[in-house]
Amino acid sequence: MSSDKIYDLIGVGVGPFNLSMAALLDDHSEVDALFFEQRSSFDWHPGMLIEGTKMQVPFIADLVTMANPKSHYSFLNYINEHGRMYPFYFLQRLDIPRREYNDYCQWVAAQLSSCQFGTKVESVRYIEDNETYFEVLVVDTDTGERNGFKSKHILLGTGSVPVMPASFNQLPKEDVFHTAQFKENIHRCRKAESITVIGSGQSAAETFRELLNEQREHNFRLDWITRSPGFASMEESKLSLEHFSPDYVNYFYQLPQSKKDEVFATQGLYYKGISTHTVTDIYDLLYEYSVGGENPNVGLQVLTEVNGITKKPGSKGYEIACTHHQEGSSFTHETEVVIAATGYKPYVPDFVKSLEGIIEWDEKGRYKVEADYRIRKIKMADNEIYVHSGISHSHGVGSTNLGLAVHRNKVIINHLLKRDVYPIPDQNVFQSFKPKK
């Protein structure tokens with residue numbers, strides 16, 4: 001079934017960035033928008049919704065507050081409507097539990113009729129007829145029914161997908177899995193004789209901390225391997241956090257692409273390191289476990305490259321081929337369960353290929369993006385493809401940071417409505433990223 005109605009905006013994916021857009025547009029009746037998500041409901045990184053994990057941005061970086069603090073969809077209104085204002089007041093924290101952020105987003109999504117879950121976008125085509133528009137084909141994930149929609153503009157918010165080393169992919173998923181599937185496999189971990197976490201970012205640390213908390217009860221050997229020189233803390237000083245500001249985004253954007261790639265490669269600790277409180281929790285547990293000369297049965301191995309993994313012949317478990325990349329020596333590590341904290345990559349849906357005729361790509365196969373988050377087009381047209389995902393190469397280290405989600409949506413809405421609906425301050429930070437003229 002297809003409709004002749006032409007929407008103003010269709011969003012692909014309903015993660016926090018597109019959900020923020022849907023919530024903000026709820027106050028703008030002149031924009032007719034739909035957002036499609038193939039999952040049956042909103043669920044943000046469910047595999048890592050571990051008790052005790054916290055958001056890495058303050059609660060004010062919710063879906064709407066930094067554009068409209070009076071919005072019904074603010075986190076404080078969510079707290080109020082759930083009768084939790086005094087408990088939150090006594091909590092005396094800017095950060096909130098990750099599980100609570102997910103619950104907040106689910107509360108918002110349930111109120112927005114523009115967000116349609118259980119609907120997968122199968123294709124997007126650019127149509128040049130009497131008028132130009134995007135034709136969006138979606139399929140109901142329960143019934144298989146297909147429906148077509150038309151829209152003047154598209155907003156890609158397709159997020160990212162876990163990355164696994166190639167040698168890991170052919171092994172049993174209950175034994176060798178990504179941190180994104182950690183919670184669903186926790187019972188398997190509790191039955192294992194040995195577990196190894198590979199990687200050194202926040203997800204690796206949170207997984208290791210959770211297993212370390214349970215180790216004494218379940219009596220497994222626990223190892224943590226990283227190729228990094230150490231288990232480095234994230235750069236979280238207040239002036240460093242100013243790199244997650246509109247000011248730095250604007251500075252970074254105007255750099256030549258070769259310089260952007262060079263700078264971005266040096267900024268890992270702004271977004272890939274481990275939160276100080278997580279490192280502290282882990283060290284405190286290791287210290288307590290060692291009281292009285294006890295052996296905590298834990299190994300933390302740095303400077304070690306994982307080259308491959310194979311099933312142990314004739315027995316359960318796996319052999320991991322490792323190289324110490326400073327000494328150059330090789331060794332084998334044996335374990336029963338392997339958890340890969342090997343990161344994520346932007347998800348670019350297959351249907352984007354059908355838009356190659358209007359999208360401009362760079363020499364590395366990345367779409368070129370304008371400063372206001374429009375994909376650069378080969379041909380002139382009034383129809384835009386706005387984008388949230390896969391823009392680190394163009395907009396820098398804050399591209400996946402939730403603290404910039406609302407700012408980005410303000411910029412997009414201003415362009416969409418062709419007026420300054422939301423003021424965009426020229427200066428938001430104390431430091432200058434470019435030289436004074």
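Hey, what number do you get for the chain at 222 nm if only DSSP H runs of n ≥ 4 count, each worth -39500 (n - 2.57), divided across all residues, to the nearest 500?
Result for the chain, helices only: -7500 deg cm²/dmol.
How big is the shadow of the Cα convex hull of the range 317-419, averaged over all directions, in nm²?
Details: hull surface 43.2 nm².
Projected over every direction and averaged, the Cα hull of the range 317-419 covers 10.8 nm².
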Given unit charges at Cβ for Lys, Arg (+) and Asp, Glu (-), the dipole magnitude of the range 224-360 about its Cα centre in debye, nearest 20, is 360 debye
Rounded to a whole number, the Stokes-Einstein D of the range 36-83 in µm²/s (Kirkwood radius over Cα pairs; 20 °C; 1.002 mPa s) is 166 µm²/s
Working note, the range 139-285: Cα radius of gyration (Å, one decimal) and Dmax (Å, whole number) are 20.4, 58
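If you take the Cα atoms of the range 16-61, find Rg, then find the Kirkwood Rh from the mean of 1/r over all pairs, what is Rg/Rh?
1.06
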The convex hull of the Cα atoms of the range 366-437, divided by residue count, gives a volume in Å³ per residue of 137 Å³
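Expressed as a rounded percentage, what relative contact order does the range 250-374 have, with Cα pairs under 8 Å and six or more residues apart?
Values: 78 pairs, mean separation 15.3, N = 125.
12 percent.
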In the structure shown, of LYS120/LYS150; LYS5/LYS345; LYS353/LYS410; LYS377/LYS410, the pairs separated by more than 24 angstrom at the C-alpha atoms are LYS5/LYS345; LYS353/LYS410
Length-normalised contact order of the chain, Cα under 8 Å, at least 6 apart, in percent, tallies to 20 percent
Here, GLN301 and SER40, labelled 7 Å along Cα→Cβ, have an inter-label distance in nm of 4.0 nm
Partner aspartates and glutamates whose C-alpha sits under 17 Å from that of LYS418, ignoring same-chain residues fewer than 8 away, are ASP8, ASP27, GLU30, ASP32, GLU370, ASP372, ASP382, GLU384
Note on the range 233-293: C-alpha Rg/Rh, Kirkwood Rh, two decimals, gives 1.24
Per the C-alpha gyration tensor (a ≥ b ≥ c, the square roots of its eigenvalues), the range 1-151 is rounded if a/c is under 1.5, else prolate if a/b beats b/c, else oblate; here it's prolate
Here the FRET efficiency for ARG188 versus LYS434, based on Cβ atoms and R0 = 60 Å and rounded to 0.05, is 0.70
The orientation-averaged projected area of the Cα convex hull of the range 110-180, in nm², is 8.1 nm²
Semi-axes in Å, largest first, for the chain (Cα gyration tensor, √(5λ)) are 39, 25, 24
The relative contact order of the range 271-328, taking Cα pairs under 8 Å that sit 6 or more residues apart, comes to a percentage of 23 percent
For the range 310-354, the Debye formula with one identical point scatterer on each Cα and no solvent gives log10 I(q)/I(0) at q = 0.24 Å⁻¹ as -0.91
Fewest-first ordering of LYS191, LYS260 by Cβ atoms within 10 Å yields LYS191, LYS260
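Taken together, the values in this text are just the output of simple stated rules run on the coordinates, not laboratory data. All values reported here derive from a predicted model rather than from experimental measurement. Every residue, glycine as well, gets a Cβ built from its backbone with ideal geometry; the counts of neighbours run over all protein chains shown.
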